[in-house]
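Comments concern the structure below.
The values are calculated or read from the model by the stated rules, or taken from the named source; none is laboratory data. The model shown is predicted, which means the values in this text are computed figures rather than measured ones. Virtual Cβ from ideal backbone geometry, glycine too; neighbours counted across all protein chains shown. Note: areas computed on protein heavy atoms with side chains; ligands, DNA, RNA excluded. Shrake-Rupley method; radii C 1.70, N 1.55, O 1.52, S 1.80 Å.
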Amino acid sequence: MRWARRLRDLALGESATCSPEIQRELAGYHLSLQDRARRMAEHAGLAPNTTCEVELRSLAADHERLADRLGKALAERGIKVSTPALREVGAPSGPNHWARLVEDLESIRQARSDLLEAATRIGDTDPSLGELLGALSRECEAHAVRVRGLIARADPQALD
């Protein structure tokens with residue numbers, strides 16, 4: 001968003017979420033949380049042991065819960081959210097368990113960064129939404145710590 005538009009919105013008291021660009025961005029965060037939850041559930045099914053499978057399923061459920069929280073907040077503001085299209089079942093995204101965990105970690109870190117940046121921008125004009133985005137970002141950081149623990153226990157040389 002350009003600085004002049006943001007200044008105008010602040011002066012007129014309009015919410016940052018009124019902007020179509022921001023609405024698309026927020027809906028995109030919702031979709032990416034849902035997609036990440038689905039992908040982590042798929043990775044759980046490919047986990048080499050029960051401990052990893054249980055932890056990945058728990059992380060997937062947590063991401064689904066985060067998506068629901070964001071979806072409800074967006075719906076309250078009149079922003080349409082949808083569910084992601086089902087991906088075709090094909091080859092796993094990584095060649096082995098370790099690579100899939102690294103992919104999950106990178107995805108969570110990117111989400112954390114995006115949500116934190118959005119919380120900072122949107123928090124000026126919509127404090128409650130900014131607070132929610134900040135909380136989601138902090139939860140993503142906690143998820144990243146859990147995935148790092150799984151990576152530390154995984155054998156990067158083992159092919160599954």
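Couple of notes before you dig in:
- ³J(HN,Hα) computed for each position of region 63-72 - Karplus, 6.51 cos²θ - 1.76 cosθ + 1.60, integer Hz, glycine/proline x: 5, 5, 5, 4, 4, 5, 4, 5, x, 5
- Counting only heavy atoms of the protein chains and using a 1.4 Å probe, S137 has close to 0 Å² of accessible surface.
- S113 versus N49: modelled label distance in nm, points set 7 Å from Cα along the beta carbon direction: 3.2 nm
- Portion, in percent, of the accessible area of region 25-157 that falls on carbon or sulfur, probe 1.4 Å: 54 percent
- Between E76 and V145, the modelled labels are 2.7 nm apart [label points 7 Å from Cα along Cα→Cβ].
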